[in-house]
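Below: the structure, in structure tokens.
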Amino acid sequence: MNAYVQRVLDELNQRYAHEKEFLQAAQEMLGTLSSVFDQHPEYEQAGLLERFVEPERVILFRVPWVDDAGRPQVNRAYRVQFSSAIGPYKGGMRFHPSVNLGILKFLALEQTLKNSLTGLPIGGGKGGSDFNPRGKSDQEVMRFCQSLMNELYRHIGADVDIPAGDIGVGAREVGYMYGQYKRLKGEYTGTFTGKGLTYGGSKGRTQATGYGLLYLVDAMLKANDLKLEGMGVVVSGSGNVAIYAAEKAMQLGAKVIAMSDSDGFVVDENGINLDAVKQIKLVERGRIASYPEYAKSGKYTAGGSIWSVPCQLALPCATQNELTLEDAKMLVQNGVKAVAEGANMPTTLEATHFFQENGVLFASGKAANAGGVSVSALEMSQNSQRLSWDFDEVDQRLKTIMEDIFANIAQTAAKYATPTDYVTGANIAGFLKVAEAMMAQGVV
Ligand code: NDP
């Protein structure tokens, strides 16, 4: 490894020993950047990497709210404004009990490179809270979102920082947060993306991450003389990304045979009935365990690993580190041809290497799931123009963006690594654009 990169990594390991997801993401990324720093000694003179790995700003605050029983509750919330080198901070808000600063820094780092890859002028950020929306009433969720925004509104804005959804933050939460933001700021400039269609949201945003994932997978398979049609697909999760990834996979002729949630997974050899999944997860906010009852087919397994289900295409779309080396071994043994990350860093570093060493095509999240933020940026453009494009226009732009991302990472992989090392291709292509902007802007 390049000595400068190694030094910065060592310093990070010392300083942030307790932030294990952030260190994992930094290791994954920096580990592929050596050739860039070999070719650009001026980056070290400018202290570029030390600056790049530190967020520009972190906001940490308490969120007090009152539950339905009248008891005060307190959660912790954060906004990590990681990099504004190429545009205003942009990235989702996550509500999940596991949320902490290390997880949000990892997500914001990923987001910075992902946003760069989209080719659109957006910097990187991420935020969230350890609040758990599961089991809360709509009123409780609303009170929490309003209280959170009573602080966050000071730090965001259409040209400053534009949050969006993520795990635990869907249309309901975005609506409550945006409503309170608007009330406090007295402006209607579209500071959130993922908004409802009646108040500035973009058509196609709901589907964008999942659909975009499949557009990229399709391009990757074609470039390697494979085709999606007829493939058996396993999709982990059953949230926003998973549902629309499954939908587009089916539209493109593949067969989705398994999906999951954090309690277990369901296998349906007839092909997953997506209407049943949507009813359970999107309408009733229920558990995937009830799938066999709704779909009148399929088998549910509590716990266990969804990656034990044989498939040709695996799409981890739930959460970080959900696909381990053990899982990767099962998938390879069962003949998997390609893996693409719908979630952020769902595959551990060891599992990623195992796939690559065994000839499995692997697309990392910062390229593969960039469709969501791409359409978010299109939502920002529509808001600025006071226009609303139709679904087909947004979808066509999304497809073009994902195909361009694939072409970019494939070309970069061929130039700096090996033709199918799309992980290195994505890291370097995303990083170079940010690095050039940072060099141009001086030591700031
Ligand atoms: P959702 O909250 O809509 O769905 C998350 C899904 O993952 C749920 O089915 C959830 O199950 C499941 N899940 C969560 N934790 C675990 C776990 N520990 N083990 C197994 N399953 C789990 O989130 P999204 O679909 O929006 O996000 C999923 C991933 O995609 C995240 O990594 C996110 O950062 C990433 N992403 C999302 C984008 C978007 O546009 N939404 C854009 C780019 C990336 P349960 O119902 O039991 O909680």
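Annotations for the structure displayed:
- So ARG71, is it open to solvent by 10 Å² or more (accessible area, probe 1.4 Å), free of Cβ contacts under 8 Å to residues at least 24 places away in the same chain and not polar (S, T, N, Q): yes
- Residue list for the stretch 28-45, filter: part of a helix (DSSP H, G or I) and either in contact (Cβ under 8 Å) with a residue 60 or more places away in the chain or in contact with a Phe, Trp or Tyr (Cβ under 7 Å, 6 or more places away or on another chain) (or both): GLU28, MET29, SER35, VAL36, PHE37, GLU42, TYR43, GLU44
- Helices (runs of 4 or more DSSP H) completely within the stretch 324-380 that count 1 or more residues being surrounded by 24 or more Cβ atoms within 10 Å (Cβ to Cβ) and near the ligand (Cβ under 10 Å from one of its atoms): 365-368
- Candidate set: the stretch 92-122, residues that are under 21 Å from THR400 (Cα atoms) and small (Gly, Ala, Ser); chosen: the one nearest to the ligand (Cβ to nearest atom): SER116
- Every residue from the stretch 260-272 that is in contact (Cβ under 8 Å) with a residue 40 or more places away in the chain and crowded, with 24+ Cβ neighbours inside 10 Å: SER260, PHE265
- Candidate set from the stretch 168-220 (those that are away from the ligand (no atom under 16 Å from the Cβ) and among the basic types (Lys, Arg)); member that is surrounded by the fewest Cβ atoms within 10 Å (Cβ to Cβ): ARG183
- Residues of the stretch 13-27 classified as assigned to a helix (DSSP H, G or I) and either assigned by TED's automatic domain parsing to the domain that holds GLN111 or under 23 Å from the mean Cα position of the chain (by Cα) (or both), total: 8
Here's the yes/no breakdown for (1) touching a strand residue (DSSP E or B) at 6+ places or on another chain (Cβ under 8 Å); (2) farther than 30 Å from THR420 by Cβ; (3) assigned by TED's automatic domain parsing to the domain that holds GLY102; (4) open to solvent by 50 Å² or more (accessible area, probe 1.4 Å):
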site	(1), (2), (3), (4)
VAL36	no, no, no, no
PRO41	no, no, no, yes
LEU60	yes, yes, yes, yes
VAL63	yes, yes, yes, no
VAL66	yes, yes, yes, yes
ASN75	yes, yes, yes, no
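- Against the criterion of being open to solvent by 10 Å² or more (accessible area, probe 1.4 Å), among the β-branched types (Val, Ile, Thr), more than 12 Å from the ligand (Cβ to nearest atom) and more than 20 Å from THR319 (Cα to Cα), VAL283 qualifies.
- Lone unmet requirement of (1) within 14 Å of the ligand (Cβ to nearest atom); (2) farther than 16 Å from ALA318 by Cβ; (3) touching a helix residue (DSSP H, G or I) at 6+ places or on another chain (Cβ under 6 Å) for PHE265: (2)
- Comparison of ASN358, ASN334, ASN408 shows that the only residue that is closer than 30 Å to ILE162 by Cβ and modelled with pLDDT of 95 or more is ASN408.
- Tabulated pairs, the stretch 214-228, first assigned by TED's automatic domain parsing to the domain that holds LYS337, second open to solvent by less than 50 Å² (accessible area, probe 1.4 Å) and among the acidic types (Asp, Glu), C-beta under 7 angstrom, 6+ apart or interchain: LEU228/ASP218
- Identity of the residue in the stretch 120-156, under 17 Å from ARG94 (Cβ atoms) and among the aromatic types (Phe, Trp, Tyr), that ends up surrounded by the most Cβ atoms within 10 Å (Cβ to Cβ): PHE131
The values are calculated or read from the model by the stated rules, or taken from the named source; none is laboratory data. Please read all numbers here as calculations on a predicted model, not as lab measurements. FYI the Cβ positions are ideal-geometry reconstructions off the backbone, even for glycines, and counts take in every protein chain you see. For accessibility, only protein heavy atoms count, side chains too; no ligands or nucleic acids. Shrake-Rupley method; radii C 1.70, N 1.55, O 1.52, S 1.80 Å.
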